[in-house]
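FYI, it's all coordinate maths here, none of it is from the lab. Because the structure is predicted, anything quoted here is derived from the model rather than measured.
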Amino acid sequence: MTTETITADASGTFPIGDLPVHRIGFGAMRLTGSAAFHLGTPSDRARSIAVLRRAVALGVNHIDTAAFYFSSLRSANELINTALAPYADDLVIATKVGPFRDCDGAWGTSARPDQLRGHVEENLRQLGRDHLDLVYLRWMGQDSIAEHFGALAELREAGLIRHLGISAVAPRHLDEALRIAPVVSVQNRYGLDAARPGTDELLRMCGERGIAFVPFYAVAGEGGERGAAAARQDDEVSAMARAHGVSPAQVRIAWTLHQGPHVLAIPGTGDPEHLVENVAAGALRLTEEELARLDAVRQDGGAR
């Protein structure tokens with residue numbers, strides 16, 4: 001597969017509310033650190049800006065970020081603002097609120113509902129916008145999200161937010177949120193080797209309701225200690241990648257997109273070559289037999 005000429009159009013489109021986006025997007029977290037937003041050495045600033053501009057040139061019109069994506073040297077929101085403002089009319093920028101970090105990078109206690117307006121305004125300031133296209137409430141372990149989500153719903157009514165989503169949640173949280181305000185997107189950890197209890201159920205619920213489902217860590221997976229089942233999965237993915245002449249990461253992204261037309265991918269990278277590969281994965285079509293093989297090793301790994 002020749003990657004250089006493939007754009008995000010090849011992945012198809014799905015609407016986030018009334019905002020159509022290509023199903024291959026871009027996650028900004030890795031721009032601030034090599035391993036995660038708070039770890040590793042930040043990418044070269046000029047290269048990070050070039051990656052963002054290249055992503056948009058390749059047709060990416062959905063970028064996922066957060067004010068708490070920063071390291072000692074980089075802020076994802078500031079990089080996005082510098083690289084892409086003034087923003088194209090069709091560019092959708094999603095952000096998250098709830099968790100927060102102090103200026104030294106340490107995590108603070110979870111935000112109270114009355115603090116969420118300040119978090120939204122901080123994202124507005126950093127991104128240089130007068131409203132946010134999509135704001136996720138990231139679950140912080142509380143039993144109910146109603147009070148927090150209700151606070152964001154009020155900000156939506158005030159015009160600061162266009163659409164609402166929820167992140168890192170269980171199926172019951174989606175039902176709870178929908179009783180308060182429309183939910184256009186759910187963002188959970190999901191992938192061949194990254195699943196959480198209830199996430200497959202959430203994916204199904206979103207498909208039935210026309211809600212976008214946006215996995216994070218779909219390529220990175222669980223990381224850390226990996227057992228024999230994960231090794232078998234890696235072997236299967238690598239063999240499939242060789243057969244298609246692509247990278248294992250592209251196979252994982254393609255598998256993610258094959259989980260339903262409402263599933264969007266937001267792979268992140270600070271490497272221009274990896275960006276081109278990630279976008280090109282939207283053109284990779286896996287056969288039913290290949291999908292069945294991947295599903296089998298996923299089940300062996302205990303994913304739910």
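Remark on the chain: Rg and Dmax equal 18.4, 53 Å (Cα only). GNM, the chain, Cα, under 10 Å: largest mean-square fluctuation among Ala243, Ala177, Ala283? Maximum among the listed residues: Ala243. Of Gln115, Gln126, Gln233, the residue with the greatest mean-square motion in the GNM of the chain, using alpha carbon springs below 10 Å, is Gln115. Going by Cα centres, region 16-31 and region 140-200 are how many Å apart? Taking the Cα centre of each part, region 16-31 and region 140-200 sit 17 Å apart.
Based on DSSP H segments of at least four residues, each scored -39500 (n - 2.57), the chain has a per-residue ellipticity at 222 nm of -11500 deg cm²/dmol. Among Ala212, Ala151, Ala55, which one moves the most in a GNM of the chain with springs linking Cα atoms closer than 10 Å? Maximum fluctuation in the GNM of the chain, among the listed residues, is at Ala151.
Do you know the relative contact order of region 8-300, to the nearest whole percent, from alpha carbon pairs under 8 angstrom that are 6+ apart?
Once divided by the residue count of region 8-300, the mean separation gives 19 percent.
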